[in-house]
Structures are given as structure tokens and as C-alpha cells.
1. Being in contact (Cβ under 8 Å) with a residue 12 or more places away in the chain, surrounded by 16 or more Cβ atoms within 10 Å (Cβ to Cβ) and outside the structural domain of Leu73 (by TED's automatic domain parsing) narrows it down to one of Gly162, Gly188, Gly167, so name that one.
2. Considering only residues that are surrounded by 16 or more Cβ atoms within 10 Å (Cβ to Cβ) and of a type in the set (A, V, I, L, M, F, W, C), look in region 127-138 and name the one that is nearest to the chain's Cα centre (by Cα).
3. Quick one: in region 101-126, which of the residues that are basic (Lys, Arg) and out of contact with any Leu (no Cβ under 9 Å at 6 or more places or on another chain) is surrounded by the most Cβ atoms within 10 Å (Cβ to Cβ)?
4. Could you tell me whether Gly67 is modelled with pLDDT under 90 and at positive phi?
5. Within region 211-219, is there a residue that is of a type in the set (S, T, N, Q), assigned to a strand (DSSP E or B) and more than 39 Å from the chain's Cα centre (by Cα)?
6. List pairs: first residue in region 209-220 and under 26 Å from Glu241 (Cβ atoms) and buried (at least 16 other Cβ atoms within 10 Å of the Cβ), second residue at pLDDT 85 or above and hydroxyl-bearing (Ser, Thr, Tyr) anywhere in the structure, Cβ distance under 6 angstrom, at least six positions apart or on different chains.
7. Look at region 62-112 and say how many of its residues are free of Cβ contacts under 8 Å to residues at least 12 places away in the same chain and either closer than 21 Å to Asn132 by Cβ or among the aliphatic types (A, V, I, L, M) (or both).
8. So is Arg235 within 30 Å of Gly127 (Cβ to Cβ), part of a strand (DSSP E or B) and more than 31 Å from the chain's Cα centre (by Cα) or not?
Amino acid sequence: MSTDERMEKMEGQLARIRWINRCLIACIVLSLGVWFISKTFGPKTEWAQSGLKEIRANSFILEDENGNPRGALVVDKEGPMLALLDENGNPRARLSVGKDGPSLALRDENEKLRAGLSVVKDGPRLGLFDENGEPRAGLGVIKDESTLALRDENGKTRVLLGVSEDGLILALHDENGNVRAGLTVLEGVPALVLTNENGKDGVALGVSKDGSGLDLSDENGKTRAFLTAGKKGSRLELCDENGKVIWSAP
């Protein structure tokens with residue numbers, strides 16, 4: 001075989017090899033394209049289809065851009081608790097679920113409790129506190145009774161409002177915690193009671209279906225005068241210091 005024939009044969013073999021290489025490259029590119037399309041647009045796995053991602057831990061710490069803690073989510077033997085901190089690291093809000101039920105506590109910049117909300121076995125309760133952390137207002141619902149209490153700076157109850165299935169009660173207290181005025185509507189009968197500093201009834205006024213009555217008492221709570229007006233007419237009674245009637249009319 002001459003040199004020209006050998007060169008012609010080698011050129012043919014090279015051309016065939018180039019063609020095979022181009023086919024292999026095309027197959028590889030096609031395979032990669034099919035793989036990429038199938039991963040990108042093809043059927044997703046079961047966990048991806050569900051859209052759920054699960055992370056399990058006992059605590060998480062949230063930090064700001066300076067690395068200072070601003071929040072914490074913790075689960076201990078008392079239950080889960082979420083705490084939010086201000087820029088000084090003081091706890092300002094806390095949400096927890098304990099053995100007695102869920103509770104929310106809000107604090108001011110001095111870490112004084114200013115508001116608290118809880119749901120216990122007896123019912124929900126809301127408390128508002130002053131700048132010293134002393135309770136000033138409380139709202140609670142216990143079974144079938146709802147109660148609102150307002151307190152002064154010494155923690156003494158000054159106003160108490162209660163509503164139950166029997167009716168409603170409004171009581172006003174003095175600085176010593178003694179009831180000085182009371183307004184009630186029980187079983188459909190309204191009544192107003194004013195007392196002295198010893199808690200003894202001074203004036204009592206009531207209205208019922210049969211009529212109305214006014215009772216005047218002294219500092220010892222003894223009835224000194226009694227006036228009634230009803231379907232059977234009106235009657236006035238005057239009593240001595242022992243509560244004994246000494247005069248009446250008619």
C-alpha cells in the first residue's frame with residue numbers, strides 16, 4: 001500500500017472518530033438536559049409535595065444584627081415558653097403554657113409586670129398593674145360569675161362589680177376597704193345601701209313588685225326610721241336606739 005493510500009485511509013478513520021465523538025457529546029448533552037429538566041420540572045418527592053419542613057430542638061435563641069439576644073423559645077419541664085426582649089436585653093413579653101394553663105405577661109422597661117392574662121381551670125383572668133407592679137384592675141370569669149375589681153395604689157379594692165345568674169352587684173369601698181355604698185339587682189329587685197365608716201348600714205332603699213321601702217339606721221346599724229309604700233298603702237315607723245318601734249303611722 002502506497003503512502004497516499006495509507007494517508008487516505010487514516011483520514012477516513014479520523015473522520016469516523018470525529019463523527020463518533022460528536023455523537024457521544026450530543027448524547028451526553030442530551031442526557032444532562034433530560035436530567036436537569038426532570039429534576040426541575042418533573043414529579044417531586046413526597047416531602048417536597050407536602051411543603052412541610054421539620055426542625056426539632058429544645059430551645060431557639062433569636063439575635064439582632066449585633067448578635068444581642070432578642071427572643072427565646074424554650075421547652076422545659078414546666079412547658080413551652082416564648083420570651084421577647086427589648087434592645088437592652090430586658091424581658092418585655094412572655095407567653096407560656098404551664099400545668100395550670102396558658103398565660104401572657106407584659107412588662108415595662110423596668111421589668112415591672114404591667115399586664116397579665118391567664119386561662120386557668122376556673123376561667124380566664126386579666127390583671128393590670130401600676131408602675132410599682134401593684135395590681136390596680138382585675139377582670140375574671142369564674143364559672144357563671146364575672147367580676148371586675150379596681151384597686152388603689154395601696155392595693156385596696158375600691159370598686160367591685162359582679163354579675164352572676166342571681167343578678168348584679170356594685171360595691172364602692174373606702175380607703176380601708178370597707179363597703180360604703182352598694183347597688184344590687186338580685187332576683188329582679190333593685191336595692192341601694194349606704195353605710196358608715198364602721199360598715200353599718202345607714203340608708204337602705206329597695207323596690208319590689210309589692211312596693212318600695214326606705215330604712216334609716218344609726219351609727220350602730222340600728223333601724224331608727226322605716227318607710228314603706230305599696231299596694232296596701234304607706235307606713236312610717238320610728239324606732240329608739242334599740243331598734244324598737246316607738247311611733248308608727250298609720
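The values are calculated or read from the model by the stated rules, or taken from the named source; none is laboratory data. The shown structure was predicted, so the numbers you read here are calculated from the model rather than taken from an experiment. Cβ sites come from the backbone with ideal geometry, for glycine too, and all protein chains shown count toward neighbours.
1. Gly162
2. Per the stated criteria, the residue is Leu128.
3. Lys112
4. So Gly67 fits the description; yes.
5. Among the residues of region 211-219, at least one is of a type in the set (S, T, N, Q), assigned to a strand (DSSP E or B) and more than 39 Å from the chain's Cα centre (by Cα), which makes the answer yes.
6. Taking only residues 6 or more apart or on different chains, the pairs are Gly213/Thr228; Asp215/Thr223; Ser217/Thr223.
7. 1
8. No: the conditions fail for Arg235.
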